[in-house]
Each structure stands twice: as structure tokens, then as C-alpha cells.
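The structure appears right after this line, and notes come after that.
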Amino acid sequence: MPRKNQTLGEFIIENQSEFKYSSGELSRLINSIRLAAKVVNHQVNKAGLVDVLGAAGDTNIQGEDQQKLDVIANETFINTLKNREIVCGIASEENDDFITIEGHNDDHQNKYVVLMDPLDGSSNIDVNVSVGTIFSVYRRITPSGTPVKLEDFLQPGRNQVAAGYIIYGTSTMLVYTTGHGVNGFTLNPAIGTFYLSHPDMKFPENGTIYSVNEGNYTHFPQGVKNYIKFCQEEKDDRPYTSRYIGSLVSDIHRNMIKGGIYMYPKSSLNSNGKLRLLYECNPMAYIVEQAGGKASDGYTPIMDLEPKELHERVPFFCGSKKMVEKAESFM
Ligand code: P6P
């Protein structure tokens, strides 16, 4: 049973037995995420002071300017995971293709693949708004001892063995699940230790916050427009409050604590929405469902979708179960 103020290290050791089939690699994987999170947190927090702001000059596969911190965060997580001999492959929003990791003696014996968005919401960095890292973990499905393949990454979200996010906000938190509920750990930067501050996080079944970029309203499908009008109607517990930070991790984290729904629907501007299935929607859906919430593309549970390509986008509705079900009824 999680104990408040337990350290992340103690928590991992005490819950090691929960990681089925794992002889400690998954624990070591979470530990490597913990280390990388501290390094990136340090970089994010000093962004305003040192010349790490501004685009790194390149653009990623999404055609987005790569902020220097994007590049630093990506390299930090990749190198930390590589050094720990746990993963056989990594896919990242910042890399066009997946990365093969040979492991010890190039034997490709490592069991896990990690998919990640190393610094989501990075356009907020220059304006000092919180950003996040999102990660998703699967066991490889192709034979051990061979190089990892694309199909190891294109697994439905139901196959995840772990998922989590780090939110670099007023405090830095690591929130993750391994299929036994969701626990939140807050970093004490003075000593570099994460403490269990939010044990057994639960998504309120209902809520009065809706998060969507209403600037796209005229481009939304009619069902989405009707749901937004429902949220704004003066009736019962409505109008709801509109809260949209423009940082997925921050919007969902707030809604998980207070109750609410986050939406990034398809529109005439983005025919499949903007968010990526593999390293944004699936990991957030795993966390949200483990906390008792719901996540879908408006029709189908996100984690039931069969991925077709590494960077594919899907419409995303996630949050309090009753709010997502209400929104789906308008679709
Ligand atoms: P828009 C950040 O770029 C992101 O991927 C999510 O973190 C965020 O919720 C969304 O895009 C914001 O997109 O189009 O509303 O600016």
C-alpha cells in the first residue's frame, strides 16, 4: 500500500512484485526515467537564464521548430535509457524514425520499447508556462535477440506495461502507472528526491471544467460545437469553466485533480486532430483509465485503436468518465 511521503525509490522496490514477468528491468526503467526527469527539470528551470531558449534551428517531423530544450530533453531521455541496458528501441516525437538499441554485446536481448514526447508543449517554454514529458512502455513482440522492428512500436495502447508523465510546473511531478493505479511523486529539488505526494490518484467521475482550443470552434464538427454550447449553457451545474493551458500534460493533470474534460477534436484544419496516438494519447489514456477516467477519439476507446504509423494523429477526448460519455453522445 503506498505510504504518503515514501520516496520513489522505496515505492519501486516495495512494488517490484507488481511488475509481472519483469525481473527488475521495469523498475530499472522507471529509475532511469526518474534520473532523466531530474536532469531535464534542471534545464527547464534555468531556461530563462541560459541561452537554451529559441529554436535549435532544426524542425521535427511535425514541421515544428525544435526548441533547444526539445533537443536537450530528447537526448537526455534517449541516453539515460540507453545506458541502463533495459530497452531495445525508442521512438520519439523528435525523431523521424525509431532508434534501435543493440544492448550488451549487441545481442538485442533487452525486453522493452519506450515511446515518448520528451518535451510536450515546448512552445510554452518562452512564456514560462509549464511543460511536460510523456512516456509509454511496451514489451517487444518480435523475437528477442533480433533488432527491434516497427511492429514493436505499433502496438495498441491496451498492451502498455507502463506509462507516465513528468510535469515541469510550479513543482516538478512524476505521475505514472504500471497497471495498478496511478501515483504522483513530487520532486524536492533541494535534495533531488521524488516523494509520494499523490498516492492512488483518482479522476473525479464528473467535473465542471472543459479544456479545448475554442479558437478552432468554427472548424469543429457540428457534434463538437454542440457539446461546447452544452458546456456554456446556463442550466444545472453549467456553465462549466473553460481552462486551456495549451500544454497537454498540464491540462490533463489539473483535470485529474479537479475533474474535467480535455478535447483536441478533428477539424477542417486537422482532419485527424493534432495529438499523436503513440506517445501522447495512448500513455495519457492508460493513466486516465487507471485513475477511473475515460479516453476516446469521440467514438472508440483510444487504447483499442490499431496504430498504423509511428507519428499518426487521432482526435482526443479524455477526462472525467461522465463528461467524456456526455461529449461522445453529441458526436
Ligand atoms: P493548440 C502542444 O503543442 C500540444 O501538443 C499539447 O501539449 C497541447 O494541448 C496542444 O498541442 C495545443 O495545441 O493547437 O491548441 O495550440
* **Isotropic mean projected area of the C-alpha convex hull, the chain (nm²)** => 16.5
* Asked: chymotrypsin sites (Phe, Trp or Tyr not before Pro) within the stretch 285-325: which are DSSP loop residues with at most 13 other Cβ atoms inside 10 Å?
  -> Tyr299
* How long is the gain from Arg3 to His219 if the chain were fully straight, where each residue apart is worth 0.36 nm and the alpha carbon distance is subtracted? -> 73.0 nm
* Give the range of the longest stretch in the chain that excludes all trypsin sites (Lys or Arg not before Pro) found in loop regions by DSSP and having at most 12 other beta-carbon atoms within 10 Å. => 47-307
* Asked: In Å², what does the accessible area per residue of the chain work out to with a 1.4 Å probe?
  -> 41
* Structure fact -> With every protein chain in place, the accessible area of Ser144 for a 1.4 Å probe, in Å² rounded to the nearest 10, comes to 70
* Asked: Cα-based Rg of the stretch 78-207 per 2.2 N^0.38 Å, rounded to two decimals?
  -> 1.17
* So, in nm, how far is label Asp97 from label Gln62 when the simple model puts each one 7 Å beyond its Cα toward the Cβ? -> 2.2
* **Extended-chain gain in nm, criterion 0.36 nm per residue less alpha-carbon gap, Asp304 and Glu233** => 22.3 nm
* Structure fact -> Counting only protein heavy atoms with a 1.4 Å probe and every protein chain in place, the carbon and sulfur fraction of the accessible surface of the chain in whole percent equals 48
* To do: Heavy atoms only, probe 1.4 angstrom, no DNA, RNA or ligands counted: give me Thr142, Thr193 ranked by accessible area, highest first.
  => Thr193, Thr142
* Probe 1.4 Å - accessible area at His253, Å² to nearest ten -> 20
* Asked: Hey, got a sec? Which GluC sites (Glu not before Pro) in the stretch 290-331 land in a DSSP loop and have at most 15 other Cβ atoms within 10 Å?
  -> Glu309, Glu312
* Asked: Over the heavy atoms of Met331, what accessible area does a 1.4 Å probe trace out, to the nearest 10 Å²?
  -> 60
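The values are calculated or read from the model by the stated rules, or taken from the named source; none is laboratory data. Fair warning: this is a prediction, and the values are worked out from it, not measured in the lab. When we count neighbours, we look across all protein chains shown, and the Cβ atoms used for this are built from the backbone with ideal geometry, even at glycine. Each accessible area value is taken on the protein alone, full model and side chains, heavy atoms only, with ligands, DNA and RNA left out. Shrake-Rupley method; radii C 1.70, N 1.55, O 1.52, S 1.80 Å.
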